[in-house]
Each structure stands twice: as C-alpha cells, then as structure tokens.
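Every number here is computed from the coordinates shown, using simple stated rules; none is lab data. If you're wondering where the values come from, they're calculated on a predicted model, not measured in any experiment. No Cβ is skipped: glycine too gets one built from the backbone with ideal geometry, and neighbour counts run over all protein chains shown.
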Amino acid sequence: MATKVGGLVEACSTRMTKTGAWRTFVPVFDHGHCIVCSLCEIYCPEGCIHQVDSGDEETLKKYGYSPKQIEALPRFRRIFVPDLNYCKGCSVCANECPHMAITMVLEDK
Ligand code: SF4
Ligand code: SF4
C-alpha cells in the first residue's frame, strides 16, 4: 500500500499490509494452559488472533504455520492462534492473557 508523505493511512487498511515481516518477537501459545477466555483475540490490535480447529491444516498454513509447527499443536482441539502474516509482535496479547499462556520469544528468521 503506497502512502504519500504527510498523508493519512486509511482506516481498516491493516488487512492490505502484512505486518509479520516487521516482527522481532513472536507470541508462543501454551494451549494446555489456555482457558479459552478470548481476551487475546479481543485485545490484539491487528485483529489477527483466531480460534481454529488444530486439525485444520489448510487454515493454519494460510496463517503462516510450517508443517513442523502444525505437527507440534495439540490434536483435535479448538485453539487460539495468531495469523503470522499479520502479527507484528507487539506483546499486547501476552500482557493481557490472564492465565500467562502466551510467551513472547525472539523469532528465528
Ligand atoms: S503480538 Fe501483538 S499483533 Fe501479535 S498476536 Fe499478539 S497482540 Fe496480536
Ligand atoms: S488470553 Fe490467554 S487464556 Fe485467554 S484465550 Fe488467549 S491464550 Fe487463552
């Protein structure tokens, strides 16, 4: 998305700009510790946390997950995951999680 100097960015334009490439830290979810409260989904400023079926490989691949990462997920559960194409690593989700089920880790790129 091109933005002129001094110009304004259109509202709701985040979906046109993949923010994942900016990221230094990435949230890692401890699905066994998650109490499914949805607060991370609500507070994420990118709106990029979604609840998915852990067996839904097609959606997880679309969210930027590698086969190895998908393999490591718990089987047959609804889980919260960030869409890695849009997660900018801001830590809001980890700070808001009431059960400390999200840890920010340095991303290995
Ligand atoms: S780190 Fe920020 S952008 Fe990424 S999932 Fe958490 S709240 Fe959303
Ligand atoms: S805020 Fe924490 S406990 Fe709540 S759904 Fe997200 S990861 Fe799970």
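One table, with the values for the structure above:
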item	result
Karplus-derived 3J(HN,Hα), 6.51/-1.76/1.60, for each residue of the range 95-108, Hz, glycine and proline x	5, 8, 4, x, 10, 6, 9, 10, 10, 8, 10, 5, 7, 8
Principal axis dimensions, the range 17-106 - Cα atoms, whole angstrom, descending	28, 28, 21
Long-range HN-HN contacts of ARG77 with modeled amide H, under 5 Å	SER54, GLY55
Amide H contacts of VAL28 (H built 1.01 Å from N, under 5 Å, at least 5 apart or other chain)	THR103, MET104, VAL105
Total charge dipole magnitude, the chain, about the Cα centre, Cβ charges on Lys, Arg, Asp, Glu only, Debye to nearest 20	260
Net lengthening on full extension, ASP30/ASN85 (0.36 nm per residue, minus Cα-Cα)	17.8 nm
